[in-house]
Each structure stands twice: as C-alpha cells, then as structure tokens.
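A.B. asks: Below is a structure I'd like to ask you about.
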Amino acid sequence: MTVWIFRRLIQAVFVMLAMTVIVFVGVNVIGDPVEILISPDADQAERIRAIAALGLDKPLWEQYLRFLWGAVRGDLGRSFVFNEPALQLISQRMPATLELAVTAVLLAVVLGIPLGLLAGLYPHSLFGRLAMAGSILGFSLPSFWVGLMFIMIFAVQLGWLPSTGRGATVTVFGIPWSFLTRDGLAHMAMPAFNLALGNIALVLRLTRSGVRENMPMDYVRFARAKGLSPQRVVFVHVLKNIMIPVVTVLGLQFGSTVAFAVVTESVFAWPGMGKLIIDSINVLDRPVIVAYLMMIVLMFVTINLIVDLLYTVLDPRVRIGGAE
Amino acid sequence: MARRVFAPLMAGLLATSPVSAQSLVMAFSGSPTSADPHYHTFSPNIALDSHSYNTLVDMDPKSRPIASLAESWRLVSPDTWEFKLRPGVKFHNGDDFTAEDVVYTLARVPTVLNSPGSFSIYTKSVVSSEVVDPHTIRLKTNGLYPLLPIDLTLVFMIPRRLGPNPLNEDFNNGRNAIGTGPYRMTSYKPGDRVELERFDGFWGKKPHWANVSVRMIPNDGARTASLLAGDVQFIEFVPTSDVARLGTDKRVALSQTDSLRLVFLWLNRSHQVAPPFVTGPNGEALTTNPLNDLRVRKALSMAINRNAIVERVMEGAAIPSNQFLAPGVSGHVADLAPVPFDIAAARALLAEAGYPKGFRITLHGPNDRYVNDGKIVQAIGQMWTRIGVETKVDAMTWTTYISRASKQEFSAFLLGWGISSGEASNPLRALVHTYDAASGWGSVNRGRYSNPQLDGMIKAAMAVADDKMREAALIDAERVAMEDVALIPIHIQKNIWAMRAGLTHTPRADERTLAMDLIPAP
Amino acid sequence: MSATVQREITPFRRFAADYASNKIAVVALIGVVIIVFLALFANLIAPQNPYDLAQLDIMDGRLPPGAKSPAGWTYWLGTDDQGRDMFSGILYGLRISLGVGFGSAATAGVIGSALGLIAAYAGGWVETAIMRLVDLQLSFPAILVALMILAFLGKGVMNVMLALVIVEWARYARTARAAALVERRREYVEAAECLALPQWRVLFRHILPNCMPPLIVIGAIQVASAILLEATLSFLGLGVPITEPSLGLLIANGYQYMLSGKYWISFYPGLALLVTIVCLNLVADQLRDVLNPRLQR
C-alpha cells in the first residue's frame, strides 16, 4: 500500500512537471500581454519599461527556469494585472468556487439518488419515463443558456432571487463563506442549481442503471427469499452496491464541476476562480493562467488518489497493486 | 471553539442587507486591477480612484479642465507652470494637503513596482519641481509643454506621510488608501466589489450617498438584469441592444452623452506592393498597394453608410463622424461633416484609380473590445462588397487581435481611440503622426500613415502656448489628416448609463462612472 | 412465409428490431436523419447564404418572424442584427455544429480506437505509455482542456475541431482497449493467429469489428457532447468566428437581445440546438441499451 501510494506520488510529480512545460510554453506563445495591459496613451519608451517590468524581456527558457525555481519554493509568480502573488489571488477566489461546486454536488446527491432509485425501481411507470426524459434534458440543455433563462425568469420577471454576484459572507476560520447567510444562500441558489443540472442528470442515470442491474442479481433474490422487507433490500443492500460507481463518478465529477464553474461563474458574475481564469485569459495574465492550471492539475491528481483509496474502503473486492 | 464558529454564523443569519436611502449599489463593467492610484493606467481603476483621490486639475463632464486641488495655474515662463493649491484640503487621515505632497506624488509615480501600465507617461514631462510656498508649486518642463495641466488630470495626489516606496498591497488592504477625495475605501475585493464610505472632511461638495458599493459585472446581460432586478441601482455601459427596451421601462432612467471614443478603420500603408490580404479582383497578386491611392481611400470611406451603422448596429448610441472629436469638445472641426454615403461616386473613384473591377480585401476587427465591434466590421464588409471591393470579414478576440494589428499583419482593421485629454493634440500626436520611437509620437499609428506636411503642422501647433491659438492650429492639422484619409472615422460612441427611476445622473464624456454624479431626482 | 422470415434474422435485423422496441428512440432516430439531411443540403434549402456578406443588408436587421425580405420571400424566423435570415442561419449553423460534432467524434474515434487496439495488442511499455496518457487526458475536464487549447490557438472551426479531438480521443482508446482485451482471448483470434495472419490484419479485420458496439455508443454520446461543448466555447467567445456562426454562437449573439424582447434571434437557434442534442442523446441511449450485453433481456 505505501509503495503504491509512493509510486502514485512520483507519477503525480511527473505529471505536474510535464504540465508546467506544456502550460508555460502554451501561454507564452499567445498574444502580447504588454499590448493589452499598457495605457493606449503610452509611448514606445513606456512600452519597453513595461516589458521589462513584467520580465518579458528575458528569453523563454530563462522565464521558465525562474518560474520553476519559484514554484519549488511555493511561489507561482505575480499576476501581471494585480501585482499580487498568483497563488494568493487564486486562493482568495477559491472558497467562492468551492462552496458553489460542493453545493452543486450535494444537490446532485440529494436530488439525483432518490429520483434515480425511483426511476430504476419503476422503469416503465410514467415517473420512470419522465425522469429519464428529464435527465436527457439535463444533459442536453446548454448550461449557459439555462443560466441566462434562470436570470430572466427568477430575477428579472419574478424578482424572487438576486440576479448575479455573491451574497453577504461570514468569516469562519479566516475564510469568507456565503452559504451561512440567508443573503448568501439566495445568491447561490441559481448558480448552484445551474451547475448541478448536469450532475443531477448524471447521478440519476447512474443510480437508475445501477438499480436495474442489481435488482435481478442473486444477492437481491436471496435477500428477498430470506424475507427481508423490500425497503431494506433496496435501501441497504442495493444502495450500498450502487454507491460505488456513484461515489467514483461524483469524485471525478467534482473536479469537472469546479472546472465547469467557469461557465456558470461567467453567467452569474460569481467571483470565483473560474471567472478569474476567464478574465485572466482575456488580459493574458500569464502567471495567473499558469498558476490556476497547476492548481487544477494538483486538485485532479489528489482527487484521483482519494477516489482510488475510497474504492478500496467501499469495495473489499478491489485490492490495489502489490497487495496480492 | 463552538462559539467562535457559531457566533458569526448567527450574526450572518440575522443580518439583513443594509438598504437605506443613503446607500448606493452601482455596477462597473470592468474590474479595477488595484486600489493603488498609480499602479495601472486602466479606466476602471481611474473611475474607482476618482472617488477617493483628487488630482490638481480635474475634468468637467465635457472633459474641459477645471480646478480641483489646484485653484489656478499659469505659465510663468515658457518652460515653467505654476499651480496655486487649494488651502484647507485634508487627507482622509487628517493631514493637510500641501505642495510637498505634490512633490512626493510626482516622485512616486514612476517608481511603482511591476506596473503593467505606468502613470509616468503623464508625469514624465516634468523635469523638476520647486515649492514656492506650502500652497504654490512650480513645475519645470523640457521646453514649452502646454498640455501639462491636462496630463495632471490623471495624476492622483497621495500624502507624503506614506513614506518611501509605499507598496500597492497596502493600498489594496486599505492601509495606504488615503486620499483627499469625497469617499474613503473601506474594502476592496478584486473582481467582486469595493465598498466606499463618505469622507466628511471632504473639501468640495458633499456627495449624496453615505455608502457606495461598487460591483464588478462584466457580462452585459447580467448587468442589465441586475438593474432590472433591483440588485444594483446604477450601471454603466448599457448594451446598445437594451437601450430601447430600458427607455420604455418605467422602473429605469437613462443618461447619455457623446463620448471621446472614436471608432475608425486603419488602412495599412506600410507596403508599396499589396499589403497582406489584398489581392486583385480574381485573387491575383497586385504590384501596387491600392490603399496608397487617395482615391481608393476616399472610395472606401464613401462606401460606408455611417447612418445605417449608427441606426441599425449601434441603435442610435453613436454619432457618425469624419473627425476625432464630437461637437462641443475642444478641437471639434465645425465644418467637417461626415463623408456622405455614395455608392456611385465610390465606384467611379475606384475606376479612376485603376480598379474598375475593385479588388479583394479582408477587414479585420476585434469582437470583444468596443461596443458592437464585431457587428460593425460585418456591416462594413457588406457595404464594401457593394462597391466591388470583395470583402471578407475576420473578427477575433482582442488578445490575439491587438498584437497582430500592432505588427501591421492586417490591411484594413478596426480600432477605437479614447481621447483622454479631451482635445485634438492627443489623437494627432498618437495616431496620425509618423511612427517615431525617438519622440514617442505616432506610437499607436498602426496603419503606419506618414505625411511630413502633417507632422510639421502638429509640431508647430504644439509650440503654441495660447490654448485658443493652439486649438486653431490643431484644427488645421486635423483637416489635412482627414482630407488625406489618414484613417477612416466611422462614429463617435455615446456613453450610456442606466439607473433606477427617481435618480438623476450627469453623464460624463470620459466614460467614468462616479457616485458623485448621481443624485435623487428633484 | 414465416419460415423465410426465420431464416433472414441477421445480427443487424435483430439489432434493428431491438432498437425499434422503443418508439421514442425511433422518433429520435428519424429526427437525427432529418437534421443531418437539413444540414447537408442547407445550401439548397436555405433561401439565403447567411455567410455571404453580399446577400445581407443590415437595414433588414432584427426583423421579427414573418417579415418580408426585399426580394419578396419571408423571414419565417426573423433576422438577426446583421440582417441574416434566421432560418438560413440555423440551417448553416446546424451544418457547422454537426460538422464539428461528427467530424471531431469520427477523427477522435479513429485515432482513439487505433491507439486503444494497439495498446491492447502490443502490451508492454506501449500499452503503459498509451494508457497513462489516456488517464492523464481523462482526468482533466473537457471544458478546461478545450478552453486552454483555444486560448493558445485562437478561434476557428478547425481549431475547435482539433480541441475537441484532443479532448475526446482518450475515451475511445480506453473503450477500445477494454473491448479488445476481451476479444483477444476468443477462439477466433487464436484461430486467426494460428493461420499466421499478419498482426495488423487480425487487429483491424477481426478484433476491431467485434469491438464496434461499445465504440458506436461512445461515438453517439460524444457527438452530442462535442456539439454542446462547441456551443459553450462559442458562448465564452473562444469558438467559431462570428462571420460563420454555429448554433451556439447564434444563441450567444442573440442573448443580448433577449432582454429587449427580440427573443427570436436566440430562441430558435436554442430550440434547434436542444432538439438536435436531445435526439442524439436519445439515439445514444437506446444504442447503449441495445448494444450493452449486460442489460440484454
């Protein structure tokens, strides 16, 4: 087990290293940040000063080595635009994105699993068919379009929910969270639901197909034959077996949800990491783009590791490398 | 432990949003990049800084210089300006504002670390300063520089108490955010919001709002929706597509004025043979650059139906123009009317220039920079095609567009120019003067237009100290530039704001959105 | 009579019969066929070429559905801000969206399946290398990878396709490898190997056809998700160029007119996109039910 974890960590480091090269070279071939950031009134001398101030007068390999040397010491560079450490900038925005993504995943679990169970148990009922049709819509609707429609309907027409932005926050452990205030929850409702839509559909379908696959299986028949109540069979035995793929997918999906928040955050002006990365791409704030991608890579590597670990806990049949 | 977690939680649940008649929530379309007033020459920063800081000279809504921290100014000798400072001005920390603070500010501006766009372009003409008395300062320039007062409208004064090398982090966290302006910054969350609180010791007119919250909502639709939903009371850059609808909405009022932003086309003049993307009518290579022929340039300008663009694409939120500045602004040429739309005359000019069958060209433009930029280039593509200049349109994102445009990779391309100085020398020097790194003139002459006669006229005009006489000289230069079609002006944008009904706003030509300009309707 | 029917039950017929057991799926399949037909012959059906600037007139911009064009025909779905007939715009947009969707799915399918098969057959370090790459690719969300690639390359139909191929190939590779590993142990492969047929022949003539069902299912899903991803990228301003709008870009362009009541500019393309994706997903769904042996009755 330790060997396995160690090997995975080494792999992760190589992945990270490879990504730094790809990302660093990638962002450095596009556009000219000075051209975008500088005052239009600037003359040629000011242009040269700005190029030097941003460190862009150095050859690419030197910029990369400087970046790498900084990265080793936990410094991913300073934002061209904000002149703050890129890492700090991102971590300031991270709570907003995390609470949005966590809420979206929770919504997916809370709504998706019960709906999926029902749809799986009664696949040919009207409800079962409606749930499937609804889940197809959940996949098929372009999320940005749904977001815009939400704003049109619930904020502009009905006036029930605030249209955009993040609500009042409360600081807990030094981090501002908005899900603890009524205003914050009101602001979060639409973006979180928008972000959850695809996940709800996904969980619903996973649960449904899990139920359909498990119901005809021997252990269910045995359990029934033993005289267990149908509720107990479904909620204890079947659900337990279904949870494995659901947990895996949700774990992996959490990363995608954080990434897909880019779209939701743009639509709802949610001040999270996703909006930051879009803004940074638009002004070619290279250090922030690189730092964001590095954080995402790190997050994915970690999530994959955790999911693999959870796998062993949830399913005793899975034995990870070396144990045999 | 539990209490520490729980107490703020309860406080949060019980808290209600602070809504009162004295509070204003307004939305910017762009996010300030710092609370440091000398960090980045970026419009949202300048708009935000205008609340907390003052400059020696300010601009009125029509962008004419007016007194601010300086009560008056005059040239005492050709290379020396004297500014009389306003007495009794206090900084937010209680310090008096004096000439020493001006000296300190001018020295600090060029030293800001890592600045992506330095305000030193507005202070560099000052070679030395002399404090005559606490409320009089003399600034020496390298020879006559008549535009110094205008340059100083963008230099925000900070107190010398901040000491050597104040860090811009300390402006962001509020420690250094000390100005003389009507509002004091209480919180700054980049990309999200800024909270401002009225400063009661302000020297000027007391603004109406006690608390101002500035939200950043870059998405056009979201900004309008926020206003309609009542989450914000005041928004800037109302999308032109919403103007008609908002105009009829009883919950909302609009304000608008001509801006200082000209939208125009560059034609690539840096080639003797055909520039990139220009070919003959059948795709063959051309041995000459048609854009070097005045008749072709005139034809291309004439083929553009500016009224249609203003009416259909801009939905009325612009005025057609054949010059840099709008009526009422210094440097506007009264008798220079927009080029009339005339397809027949344009075709005739093309034939006369030796292109009876026209030629092929690609018109490039950004699609995320200026109001409706992508639509404007498509519309012009339609119009040029109708005079036989078969036009392809390629609109791309600003980040790739601008660096290619600066390398003369396009032949016909759209740009906008905001004339921050509110007078004609700025566009003449920056846009149509020959590109010259040594003097810093023609710095954004991306079409590489060059006309020695015009260069001479601009230089001569800049040597005129008297404002009226200089304006006349600049107007003559503008005429020459427009007659020679140095660039093809399309229109001057209008700035449009929207606010909840019951509020009145004084619109500004310089696009700045200021809480001070918004009051309850009488 | 019944005897002849009995004799003609081919695998395809059985598949068709299975597929037809779900009426909605049949309707969806017909829908897909119609949509593909509309997209393929857009230039013959559409009254206007919306990409030819000479045929557009901004004076006809933002006309409501049912307005008359200067040429006398009717803008049934109205016009957009450039005076583009929305019906024509949607047909051409459909062509781009479907082209991008099918094109990228097919290219990714060919590349991914080939790599997956090679991995399964070659084993050893080749397999490890390919599968590590697959894991790496799959661990990144598609939207992010596409976003970065387009930020590097700039917009354009080909660049969007390239981004989508890079995003999608790994899923095929993984599926193809898994299926091939199963097939490899079958007798017919051993038989073929005993006949000393060349490896590539065994791989592509014998194993590949038997791996097709799961690959087809993946492909059907990927077409739909590619179209959706392209729409999202165009919405974020990184997709196709504005002069040749896809459905996603038409929606994005029209969105700014929603608040002012000119709903048709964005509503109809949205409807077209929705119908397309729903039909594709329904077909993919039924294909999975039919082709997935684990669910077979």
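The values are calculated or read from the model by the stated rules, or taken from the named source; none is laboratory data. Note that the structure is a prediction, hence the values are computed from the model and not measured. With ideal geometry, Cβ positions are generated from the backbone for all residues, glycine too; neighbour counts draw on all protein chains shown. What goes into the accessible areas is simple: the full protein's heavy atoms, side chains included, and nothing from ligands, DNA or RNA. Shrake-Rupley method; radii C 1.70, N 1.55, O 1.52, S 1.80 Å.
A.B. asks: Can you order the peptides A:40-50, C:61-71 by their average number of other Cβ atoms within 10 Å per residue, highest first?
C.D. replies: The peptides rank, most packed first, as A:40-50, C:61-71.
A.B. asks: Residue B:100 to residue B:206: extension gain in nm, 0.36 nm per residue of separation minus the Cα-Cα distance?
C.D. replies: Here the answer is 35.6 nm.
A.B. asks: Only helical DSSP H runs with n ≥ 4 go in: add -39500 (n - 2.57) per run for chain B, normalise by residue count and round the 222 nm mean residue ellipticity to 500 deg cm²/dmol.
C.D. replies: -7500 deg cm²/dmol
A.B. asks: Now, a different point. So how do C:88-94, B:437-443 stack up, highest first, on mean other-Cβ count within 10 Å?
C.D. replies: Going from most to least packed, we get C:88-94, B:437-443.
A.B. asks: If you don't mind, there's one more thing I want to ask. What chymotrypsin sites (Phe, Trp or Tyr not before Pro) in the stretch B:201-247 are in a loop by DSSP, with at most 11 other Cβ atoms within 10 Å of the Cβ?
C.D. replies: none
A.B. asks: Taking each residue in A:150-157, count the Cβ atoms of any other chain within 10 Å of its Cβ, then average. What number comes out?
C.D. replies: 5
A.B. asks: Something else now. Based on Cα positions only, what radius of gyration and what Dmax would you give for chain C, in angstroms?
C.D. replies: Computed over the Cα atoms of chain C, radius of gyration and Dmax are 22.7, 74 Å.
A.B. asks: Dipole of the stretch B:464-522, Cα-centred, from +1 at each Lys and Arg C-beta and -1 at each Asp and Glu C-beta, to the nearest 20 debye?
C.D. replies: Approximately 460 debye in magnitude.
A.B. asks: Leaving out ligands, DNA and RNA, what percent of the accessible area of the stretch B:64-200 is carbon and sulfur, probe 1.4 Å?
C.D. replies: 50
A.B. asks: In the stretch A:2-72, if every C-alpha pair distance is counted and binned at 10 Å from zero, what percent goes to each bin?
C.D. replies: P(r) for the stretch A:2-72, in whole percents per bin: 16, 35, 25, 13, 7, 3, 0.
A.B. asks: Under unit Cβ charges (Lys, Arg +1; Asp, Glu -1), what dipole magnitude, rounded to 20 debye, does the protein assembly as shown have relative to its Cα centre?
C.D. replies: For this selection, approximately 3520 debye.
A.B. asks: Ok, one more. Take peptide B:300-309, look around each residue's Cβ out to 10 angstrom, count Cβ atoms belonging to other protein chains, and average those counts.
C.D. replies: 1
A.B. asks: Same structure again: For residue C:133 and residue C:73 in one chain, what is 0.36 nm times their gap in residues minus the Cα-Cα distance, to one decimal in nm?
C.D. replies: Gain in length upon complete extension: 16.2 nm.
A.B. asks: As a test of the formula, what do you get for chain C when each DSSP H run with n ≥ 4 contributes -39,500 (n - 2.57) and the sum is divided by the residue count, at 222 nm and rounded to the nearest 500 deg cm²/dmol?
C.D. replies: Mean residue ellipticity at 222 nm (helix-derived): -23000 deg cm²/dmol.
A.B. asks: Please sort A:147-153, C:230-236, C:194-200 by packing, taking for each peptide the average over its residues of neighbouring beta carbons within 10 angstrom, highest first.
C.D. replies: The peptides rank, most packed first, as C:230-236, A:147-153, C:194-200.
A.B. asks: Accessible area lost on pairing C with A, both sides, 1.4 Å probe, Å² to nearest 100?
C.D. replies: Roughly 3200 Å² of accessible surface disappears when C and A pair.
A.B. asks: Could you work out, for the stretch C:3-81, what percent of all Cα-Cα pairs fall into each 10 Å distance bin, beginning at 0 Å and stopping at the bin that holds the largest distance?
C.D. replies: 14, 28, 21, 14, 13, 8, 1
A.B. asks: Report the gain in length on full extension from residue B:287 to residue B:22: 0.36 nm times residue separation, minus Cα-Cα distance, nm rounded to one decimal.
C.D. replies: Residue separation times 0.36 nm, minus the Cα-Cα distance, leaves 88.6 nm.
A.B. asks: Calculate, for residue A:171 and residue C:17, the FRET efficiency according to 1/(1 + (r/R0)^6) with r their C-beta to C-beta distance and R0 60 Å; round to the nearest 0.05.
C.D. replies: 0.40
A.B. asks: Relative contact order for chain B: what is it in percent, counting Cα pairs under 8 Å that are at least 6 residues apart?
C.D. replies: 19
A.B. asks: Once the convex hull of the alpha carbons of the stretch C:38-133 is built, what does its volume come to per residue, in cubic angstrom?
C.D. replies: Looking at the stretch C:38-133, the number lands at 123 Å³ per residue.
A.B. asks: List the DSSP H helices in chain A whose Cα atoms stretch 20 Å or more along the helix axis and whose mean Kyte-Doolittle hydropathy is at least 1.0.
C.D. replies: A:2-29, A:86-121, A:126-140, A:239-268, A:286-314
A.B. asks: Please list, by residue number, every one of the chymotrypsin sites (Phe, Trp or Tyr not before Pro) in the stretch B:14-95 that is coil in DSSP and has at most 15 other beta-carbon atoms within 10 Å.
C.D. replies: Of the chymotrypsin sites (Phe, Trp or Tyr not before Pro), not one in the loops of the stretch B:14-95 has a Cβ with at most 15 other Cβ atoms within 10 Å.
A.B. asks: Please state, as a whole number in µm²/s, the translational diffusion coefficient that the Stokes-Einstein equation yields for the protein assembly as shown at 4 °C and 1.567 mPa s, with Rh defined as the Kirkwood radius across alpha carbon pairs.
C.D. replies: 40
A.B. asks: If R0 is 56 Å, what FRET efficiency do you get for residue A:125 and residue C:125 from their C-beta distance, rounded to 0.05?
C.D. replies: 0.60
A.B. asks: Largest first and in whole Å, give the semi-axes of the stretch A:90-314's equivalent ellipsoid, each being the square root of 5 times a Cα gyration tensor eigenvalue.
C.D. replies: Semi-axes (√(5λ), whole Å): 35, 21, 15.
A.B. asks: Angle, helix B:220-229 long axis vs. longest principal axis of chain B, Cα atoms, 0 to 90°, nearest 10?
C.D. replies: 40
A.B. asks: Which distance in nm do the two modelled labels at residue A:240 and residue A:7 give, with both placed 7 Å along the Cα-to-Cβ direction?
C.D. replies: With each label point 7 Å from Cα toward Cβ, the separation is 3.0 nm.
A.B. asks: Something else now. Would you mind getting me the FRET efficiency between residue C:195 and residue C:106? Use the beta-carbon distance for r and R0 = 30 Å, nearest 0.05.
C.D. replies: For residue C:195 and residue C:106, the calculated efficiency is 0.40.
A.B. asks: While we're looking at this one, here's another question. Quickly work out the residue B:142-to-residue A:110 label distance, labels modelled 7 Å from Cα along the C-beta direction, and quote it in nm with one decimal.
C.D. replies: 6.6
A.B. asks: With springs only between Cα atoms under 10 Å apart, run a GNM on chain A and tell me which of A:115, A:37, A:107 wobbles the most.
C.D. replies: Evaluated over chain A, the most mobile residue of the options is A:37.
A.B. asks: On average, how many beta carbons from a partner chain sit within 10 Å of the beta carbon of a residue in B:377-384?
C.D. replies: Per residue, the average neighbour count from other chains is 5.
A.B. asks: Please build a GNM for chain C, connecting alpha carbons under 10 Å apart, and tell me which residue among C:127, C:187, C:168 fluctuates the most.
C.D. replies: In the Gaussian network model the winner is C:187.
A.B. asks: Related question: First obtain the Kirkwood hydrodynamic radius of chain B from its Cα pairs, then insert it into the Stokes-Einstein equation at 4 °C and 1.567 mPa s, and state the resulting D in µm² per second as a whole number.
C.D. replies: Using the Kirkwood radius from Cα pairs, D works out to 52 µm²/s.
A.B. asks: I want to check the label-to-label distance for residue B:132 and residue C:24. Put each point 7 Å from Cα in the C-beta direction and report it in nm to one decimal.
C.D. replies: So the label points at residue B:132 and residue C:24 sit 8.5 nm apart.
A.B. asks: Here's something else I'd like to know. Quickly estimate the mean residue ellipticity at 222 nm for chain A, helices only: each DSSP H run with n ≥ 4 gives -39500 (n - 2.57), and the total goes over all residues, rounded to 500.
C.D. replies: -23500 deg cm²/dmol
A.B. asks: Once you list every other residue whose beta carbon is under 9 Å from the beta carbon of residue B:95, what net charge do they have if Lys and Arg are +1 and Asp and Glu are -1?
C.D. replies: +1
A.B. asks: Could you list the trypsin sites (Lys or Arg not before Pro) in the stretch B:62-131 that lie in coil according to DSSP, counting only those with at most 12 other Cβ atoms within 10 Å of their Cβ?
C.D. replies: Taking the stretch B:62-131 and a limit of 12 other Cβ atoms within 10 Å, no loop trypsin sites (Lys or Arg not before Pro) are found.
A.B. asks: Provide the per residue accessible area, probe 1.4 Å, for the stretch A:2-72, rounded to a whole number of square angstrom.
C.D. replies: So the stretch A:2-72 comes to 53 Å² accessible per residue, rounded to a whole number.
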